[in-house]
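The values are calculated or read from the model by the stated rules, or taken from the named source; none is laboratory data. Just so we're clear, the structure is a prediction, and the values are computed from it rather than from any experiment. Cβ placement follows ideal geometry from the backbone for every residue including glycine, while neighbour counts extend to all protein chains displayed. Note: accessible area is taken over every heavy atom of the protein model, side chains too, but ligands, DNA and RNA are not part of it. Shrake-Rupley method; radii C 1.70, N 1.55, O 1.52, S 1.80 Å.
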Amino acid sequence: MERKEFLDILSIMNHMAHVDGQMHPAEKKVLIAVFKAAKVTTEEQKLIAGRSSLEEMIKEIQSDDAKNGLVDMMALVAGADGVFDDEEKLLIKKVMKRVGISPEEHIYFQDDNNLDIAMVRSNAKKILQNLTKNA
């Protein structure tokens with residue numbers, strides 16, 4: 001995965017963390033962990049903060065690794081506070097549709113398209129490692 005795709009994933013994660021109107025401390029903790037693990041620079045943080053067009057960010061996610069990493073990270077952020085809000089569900093479904101991943105095919109969404117929060121949380125370290133090693 002190219003660094004640009006990785007930064008787009010972080011931008012979408014940031015959007016995800018704010019979609020329900022507030023960033024829960026657990027969601028913030030996930031974002032901070034990813035930023036630190038991937039050694040995101042101050043310049044890159046400014047780029048991420050300046051991105052506002054979700055559609056443009058999604059269009060730039062091209063590789064299969066980036067698409068899968070995006071969905072995994074969105075699941076991790078959505079499940080961080082232990083609640084899968086309606087706004088989060090709508091956003092994840094929209095993004096998954098745009099990148100060509102159906103909820104029925106994804107390990108974290110198979111049960112009636114709901115997020116399996118327990119499974120996501122138990123795989124958090126693995127999700128973070130997979131994303132940051134490809135960054």
Taking R0 as 22 Å, what's the FRET efficiency between Asp85 and Asp112 from their Cβ-Cβ distance, rounded to 0.05? 0.85
The chain: C-alpha gyration tensor shape, a/c 1.5 cut-off, then a/b vs b/c: rounded
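Counting only heavy atoms of protein chains, what accessible area per residue, in Å², does the chain have with a probe of 1.4 Å? Don't jump to the answer; show the numbers that get you there.
Values: 7230 Å² over 135 residues.
Here the residues of the chain average 54 Å² of exposed surface.
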Quick check: pseudo-label points 7 Å beyond the Cα along Cα→Cβ at Ala49 and Ser122, how many nm apart are they? 3.8
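For Ala37 and Arg98 in the same chain, what is the full-extension length gain: residue separation times 0.36 nm, less their Cα-Cα distance, in nm? Write out the running numbers ahead of the final one.
Numbers: separation 61, 0.36 × 61 = 21.96 nm, distance 2.73 nm.
Gain in length upon complete extension: 19.2 nm.
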Which residue fluctuates the most in the chain, going by a Gaussian network model with Cα springs under 10 Å, if the choices are Lys46, Lys28, Lys93? Lys46
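Can you send over the carbon and sulfur percentage of the accessible area for the chain, probe radius 1.4 Å, protein chains only?
On the chain, the fraction of accessible area on carbon and sulfur atoms equals 49 percent.
Go ahead and estimate [θ] at 222 nm for the chain from helices alone: -39,500 (n - 2.57) per DSSP H run with n ≥ 4, summed, over the residue count, rounded to 500. Mind dumping the intermediate values first?
Working: 8 runs with 90 residues, N = 135.
So the calculated ellipticity at 222 nm is -20500 deg cm²/dmol.
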What whole number of Å gives the distance from the Cα centroid of the stretch 86-132 to the Cα centroid of the stretch 16-62? 17
Restricting to Cα pairs under 8 Å and 6 or more apart, the percent relative contact order of the stretch 1-134 works out to 32
Using 20 Å as the cut-off for backbone N distance, which residues of the stretch 116-135 belong to the label zone defined by a point 7 Å from the Cα of Glu105 along Cα→Cβ? 116, 131
Just to check I understand the Karplus step: with θ = phi - 60° and J = 6.51 cos²θ - 1.76 cosθ + 1.60, what whole-Hz values come out for the stretch 106-116, glycine and proline as x? 9, 4, 8, 10, 5, 6, 6, 6, 8, 6, 8
If you count only protein heavy atoms and use a 1.4 Å probe, how large is the accessible surface of Ile32, to the nearest 10 Å²? 80
